[in-house]
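Notes follow once the structure below has been shown.
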Amino acid sequence: MSAPPLERVTRRLTWESAEARDVEALLAREWIVTNGLGGYSSGTLAGVITRRYHGLLVASLANPLGRMVMLNHLVECVRLPDGREEALSGEEWAEGRLDASGAQRLVEFRLEAGLPVWEYAIPAGAATVRVQKRVLMPHRQNTVHVSYALLDGADSVGLTLRPALHFRGYEDPVTTPEEARYLLGVADGHFVVTTEGAATLPALRLAVHGAAATCRVEDTRTNELLYRVEAARGYEYTGVLWSPGAFDVTLARGETATLVASTEPPEVLAALSPADARAAEEERRRRLLDSARLADDDVTAAELVLAADQFLITPAGRLRDRVRAQAVGDEVRTVIAGYHWFTDWGRDTMIALEGLTLSTGRWREAGFILRTFAQYVRDGLIPNMFPDGSNEGLYHTADATLWFFHAVDRYHRVTGDDATLRRLLPVLVDVAERHLRGTRYGIRVDPADGLLTQGAEGYQLTWMDAKMGDWIPTPRRGKAVELNALWHNALCLLAAWTGDARWRDEAARQRASFNRRFWYEGGGHLYDVVDGPDGDSAELRPNQLLAVALPHPVVEQSRWASVVAVAERTLVTPMGLRSLAPGSPEYKAQYFGDLRARDGAYHQGTVWGWLIGPWVDAWLRVHPGDRAGARRWLSGLVGHLDDFGVGSVAEIFDAEAPFTPRGCVAQAWSVAELLRCWRMTDEGASSVER
């Protein structure tokens, strides 16, 4: 096995006429390019910024800054041979608004090896001028390259690029006032933008590489700009952008002009020309595909391998952790849970690790991730998440640490890395012992029956973790079904790894209690929670599938078929699994509205893409060996790659048709579980099965 050639890994969307071009669909579809540090470049296909998170350069800076929007937008204008000017994105700057006028000229958008390319057609008398635009970020640089080429229709055209800025944290509202005045320097045709009174913020360097490129200073501001997605989500949605001026460049047929925006030092920028940077990134992506050892014709897997790459990062901000890792010959790695607003989360990292690294041949990085998180264990817990700009994790999670056991097991089965297992084993044993004694947030094993319970007032500790103020829609306090499935799996793994009979005995006692307490005879499925503050919950949720799907199933085999059949009938959709069955009192068919409305629906019916993984695993337990039958459950998510975050998989979907994608446009565990299952269900594959 090798991999599909890089040039074949292309996802293409075309529009032959204005009638076929749905501007609303272009505004709803988004693209993203990442830099391996947690930074990114992202926007809509239409060239309009609709979220506070959008920006051509969202830099990942050293803590405490975190991710900062440094270049929000480019107003792009083509000057035709007859003197007319046509915008590719945005209206005239003086009008103070950026609309979708450029989308009327967009005839094709595609991802070439995961990198976005736009082609515009502009009528110019008897001819049609065709202009191409590309975006890339050099790996591990807070730098973006936006390149333009004239394909046809004229010997040359003029191109004006006006950068628009609002330096702020990527989570900050678009109404955030500027903390300090912008200072503009001009040298050798470049802009250097700094801020007075904000010494910790790096300079933004802006330059255009191309024929006869010049810059002109025109200090201007927009009127208030509308961010339509922020308005729909109930946040502040009007803001102002500032422009230092504009670049003018001549674009001849067959030549390229590139705007480079960066917070890196000048010597870093000088190391690679735009052409060299593009060649280097293409070579890096080619190596990613080679490492994954794909079938020559498996373009879907190749696309997902490149989508997976977006989430694997070296965190730019946590210098102390990097020094500690390097001292023992390691490197710090972690996983961004989702773009645009998630940071690295322990639970998401451990669930996604197999798909992102083991299914892609990135075994070395998998080891880095596991050893990195082992450094963060406190009181028997790995962090739930790291807030942006912070060196310290938050530990309010009952399941992330149990998923850690599963991730270590999958890693060891694939790599045979006994050295890492030996290194992690004392940490894992300590985790289990602390769970037996009891640790933070009421996480403890009930000595009466061996079942794991959890809960603390004001905290949401399972993956169903929505919270707004003091309101927790799905507290699930007590003995949750998936926590006990994961705990049983962890005990069985410890018994095998250590040879210690106490873990085997503990697993047997817990399994007996589980099958006695969790079976809900009236529904033919498992209780979601038992022994909670309000008694037992028979709500029909997908969490029970882990009791069948994990390598060491805790539920009796005689009940597998019933659990799977009930889930297929009530929870399975083309995009993943509903988080609550229709007909339940709290069931919500759609996820939309302000924050309270969305949090109220987040785990009350909303479909989650990552759950396709446990579903396929559980289905294969009941239908062993039927890989072709299992693969049919993946077709909806594969088809979804044309939508929302093009080339990636959304975080969530509405619970009813048409299953509108919602939440993050690119989610790590959604991509990871689709990729893992896609490779696992390949009839010719020999991938490790759960």
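For (1) at pLDDT below 95; (2) buried (at least 20 other Cβ atoms within 10 Å of the Cβ); (3) closer than 28 Å to residue 226 by Cβ, each residue gets a yes or a no:
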{"site": "88", "(1), (2), (3)": "yes, yes, yes"}
{"site": "91", "(1), (2), (3)": "yes, no, yes"}
{"site": "97", "(1), (2), (3)": "yes, no, yes"}
{"site": "106", "(1), (2), (3)": "yes, yes, yes"}
{"site": "116", "(1), (2), (3)": "no, yes, yes"}
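When 690, 679 are checked against the criterion of being modelled with pLDDT under 95 and basic (Lys, Arg), 690 stands alone in meeting it. Helices (runs of 4 or more DSSP H) fully within segment 249-364 that include at least 2 residues being modelled with pLDDT of 95 or more: 274-292, 299-309, 346-356.
Please go through segment 635-664 and pick out each residue that is buried (at least 20 other Cβ atoms within 10 Å of the Cβ) and among the polar types (S, T, N, Q). Steps first, answer last, please.
Narrowing segment 635-664 to residues buried (at least 20 other Cβ atoms within 10 Å of the Cβ): 637, 640-641, 644-655, 661-664.
The one that is buried (at least 20 other Cβ atoms within 10 Å of the Cβ) and among the polar types (S, T, N, Q): 648.
Check segment 354-377 and report whether any residue there is farther than 17 Å from residue 314 by Cα and either assigned by TED's automatic domain parsing to the domain that holds residue 682 or over 22 Å from the mean Cα position of the chain (by Cα) (or both). Yes, segment 354-377 has at least one match.
Taking the options 234, 245, name whichever one is farther than 20 Å from residue 66 by Cβ, touching a residue at least 60 places away in the same chain (Cβ under 8 Å) and in a loop (DSSP other than H, G, I, E, B).
Answer to the selection: 234.
Quick one: which of 399, 348, 430, 409 is acidic (Asp, Glu), farther than 20 Å from residue 674 by Cβ and touching a Gly at 6+ places or on another chain (Cβ under 8 Å)? Break it down stepwise before answering.
Details: 399 fails: touching a Gly at 6+ places or on another chain (Cβ under 8 Å); 348 fails: farther than 20 Å from residue 674 by Cβ; 409 fails: touching a Gly at 6+ places or on another chain (Cβ under 8 Å).
Testing whether each residue is acidic (Asp, Glu), farther than 20 Å from residue 674 by Cβ and touching a Gly at 6+ places or on another chain (Cβ under 8 Å) leaves just 430.
Going through (1) of a type in the set (Asp, Glu); (2) without any contact (Cβ under 8 Å) to a residue 40 or more places away in the chain; (3) closer than 19 Å to residue 513 by Cβ one by one, residue 449 falls short only on (2). Filtered by the rule that a residue be under 18 Å from residue 37 (Cβ atoms) and touching a helix residue (DSSP H, G or I) at 6+ places or on another chain (Cβ under 6 Å), segment 353-368 gives 356, 357. Scanning segment 188-220 for residues that are surrounded by fewer than 19 Cβ atoms within 10 Å (Cβ to Cβ), touching a residue at least 60 places away in the same chain (Cβ under 8 Å) and assigned to a strand (DSSP E or B) yields 209, 220.
Only one of (1) surrounded by fewer than 16 Cβ atoms within 10 Å (Cβ to Cβ); (2) under 24 Å from residue 26 (Cβ atoms); (3) in contact with a Pro (Cβ under 9 Å, 6 or more places away or on another chain) fails for residue 238. Which number is that? So residue 238 meets the others, but not (3). Scanning segment 313-335 for residues that are without any contact (Cβ under 8 Å) to a residue 12 or more places away in the chain and surrounded by 13 or more Cβ atoms within 10 Å (Cβ to Cβ) yields a single hit, 322.
Within segment 565-616, being surrounded by 16 or more Cβ atoms within 10 Å (Cβ to Cβ), in contact with a helix residue (DSSP H, G or I) (Cβ under 9 Å, 6 or more places away or on another chain) and either without any contact (Cβ under 8 Å) to a residue 12 or more places away in the chain or part of a helix (DSSP H, G or I) (or both) holds for 566, 567, 609, 610, 611, 612, 613, 614, 615, 616. Residue-level check: of (1) in contact with a helix residue (DSSP H, G or I) (Cβ under 6 Å, 6 or more places away or on another chain); (2) within 22 Å of residue 678 (Cβ to Cβ); (3) not hydrophobic (A, V, I, L, M, F, W, C), residue 303 misses just (1).
So, of the residues in segment 126-142 that are assigned to a strand (DSSP E or B) and polar (S, T, N, Q), which turns out to be farthest from residue 280 (Cα to Cα)?
Residues of segment 126-142 assigned to a strand (DSSP E or B): 127-136.
Narrowing the set further to residues that are polar (S, T, N, Q) leaves 128, 132.
On the way: 128: 33, 132: 20 Å.
So the residue we want is 128.
Exactly one residue out of 255, 267 is free of Cβ contacts under 8 Å to residues at least 24 places away in the same chain and over 27 Å from the mean Cα position of the chain (by Cα): that is 267.
In segment 500-514, what residues are in contact with a helix residue (DSSP H, G or I) (Cβ under 8 Å, 6 or more places away or on another chain) and either assigned to a helix (DSSP H, G or I) or surrounded by 16 or more Cβ atoms within 10 Å (Cβ to Cβ) (or both)? Before you say what the answer is, go through the steps one by one.
As a first pass, look at segment 500-514 and keep what is in contact with a helix residue (DSSP H, G or I) (Cβ under 8 Å, 6 or more places away or on another chain): 500-501, 503-504, 506-507, 510-511, 514.
Answer for segment 500-514, where residues must be in contact with a helix residue (DSSP H, G or I) (Cβ under 8 Å, 6 or more places away or on another chain) and either assigned to a helix (DSSP H, G or I) or surrounded by 16 or more Cβ atoms within 10 Å (Cβ to Cβ) (or both): 501, 503, 504, 506, 507, 510, 511, 514.
Note on segment 365-380: residues that are more than 16 Å from residue 390 (Cβ to Cβ) and not in a helix (DSSP H, G or I) amount to 3. Looking for something exposed (fewer than 15 other Cβ atoms within 10 Å of the Cβ), under 21 Å from residue 619 (Cα atoms), of a type outside the set (D, E, K, R) and over 33 Å from the mean Cα position of the chain (by Cα) - is there at least one such residue anywhere in segment 539-558? Yes, segment 539-558 has at least one match. The test for being in a loop (DSSP other than H, G, I, E, B) and in contact with a strand residue (DSSP E or B) (Cβ under 9 Å, 6 or more places away or on another chain) does not hold for residue 559. Scanning segment 620-634 for residues being surrounded by 15 or more Cβ atoms within 10 Å (Cβ to Cβ) and out of contact with any strand residue (DSSP E or B) (no Cβ under 8 Å at 6 or more places or on another chain) gives a total of 7.
For segment 48-88, a residue qualifies if it is part of a loop (DSSP other than H, G, I, E, B) and either more than 23 Å from residue 663 (Cβ to Cβ) or among the hydrophobic types (A, V, I, L, M, F, W, C) (or both), and the qualifying residues are 48, 49, 62, 63, 64, 65, 80, 81, 82, 83, 84.
The values are calculated or read from the model by the stated rules, or taken from the named source; none is laboratory data. Small disclaimer: the values here were computed from a predicted structure and weren't measured. Here Cβ is always computed from backbone atoms with ideal geometry, including for glycine, and neighbour counts include all displayed protein chains.
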